[in-house]
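See structure below.
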């Protein structure tokens with residue numbers, strides 16, 4: 001009887017050890033890392049450099065009116081370039097041009113008329129089999145870019161109308177600043193995942209309490225409802241953009257239920273054989 005208990009203890013310890021090793025298996029699920037290589041437009045859906053998934057820019061193809069005289073309308077024309085004086089390349093989200101009177105469909109893309117959460121970038125990937133999810137990325141916001149960003153996730157990405165859930169409060173960017181590994185990048189925990197998972201980083205208008213909220217900016221009668229840059233002035237919707245790099249979704253691998261079950265069955269078989277021999 002003592003031998004059986006001892007054997008059971010060894011098997012239980014082995015089962016715990018295997019499960020523990022699997023639970024501790026944390027790592028990158030999917031990543032988009034653009035290094036230092038520039039790629040001319042259009043790069044509207046770059047492939048991940050690690051894992052599988054889909055990246056798309058949001059809201060750059062539109063029919064909005066542009067105050068600076070561009071357009072009318074815009075067409076997505078993203079590229080991979082080195083933004084500002086930063087040390088790395090990034091995926092720049094934008095329309096075709098910032099030049100006034102550039103012609104139909106050739107405006108900057110970012111616009112005050114766009115509803116909240118409709119302009120930015122979306123990253124779709126399966127996180128099935130993982131928990132303890134984390135999203136991290138580098139973000140560059142130009143001086144005249146939209147100043148506020150909201151991170152969202154969904155568990156039904158393939159749905160025609162996904163349910164997007166905000167992750168914390170919106171981020172307010174100082175203009176012309178690069179959040180990266182050298183100037184703390186953005187990193188957030190995601191509460192849940194699954195096989196139909198996606199995240200997006202999208203523009204959101206400043207609200208009372210934000211550092212760049214202005215009830216009435218110069219020449220504005222909208223009550224501060226426009227998107228704003230870091231200076232607190234209304235976004236001029238004729239220039240400015242966002243860029244992203246090192247977009248990383250990581251997590252902890254969940255052990256397959258069959259692993260522990262098979263080990264347990266093997267243990268029971270061993271005990272049965274010991275009892276029969278005895």
(request) Could you identify the single residue in 67, 55, 47 that is at pLDDT 95 or above and part of a loop (DSSP other than H, G, I, E, B)? (result) 47
(request) Test residue 35 against the stated conditions and say whether it is at pLDDT 75 or above, surrounded by 14 or more Cβ atoms within 10 Å (Cβ to Cβ) and not in a strand (DSSP E or B). (result) no
(message) So, residue 88, is that one closer than 30 Å to residue 251 by Cβ, part of a loop (DSSP other than H, G, I, E, B) and modelled with pLDDT under 95 or not?
(response) yes
(request) From 197, 171, grab the single residue that is modelled with pLDDT of 80 or more and buried (at least 19 other Cβ atoms within 10 Å of the Cβ). (result) 197
(message) Name the single residue that is modelled with the lowest pLDDT among those in segment 231-269 being in contact with a strand residue (DSSP E or B) (Cβ under 7 Å, 6 or more places away or on another chain) and outside any strand (DSSP E or B).
(response) 235
(message) So, in segment 74-95, how many residues would count as being within 23 Å of residue 62 (Cα to Cα) and free of Cβ contacts under 8 Å to residues at least 40 places away in the same chain?
(response) 6
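The values are calculated or read from the model by the stated rules, or taken from the named source; none is laboratory data. Given the structure is predicted, the values throughout are model-derived calculations rather than measurements. Note that we place each Cβ from the backbone using ideal geometry, even for glycine, and neighbour counts take in every protein chain shown.
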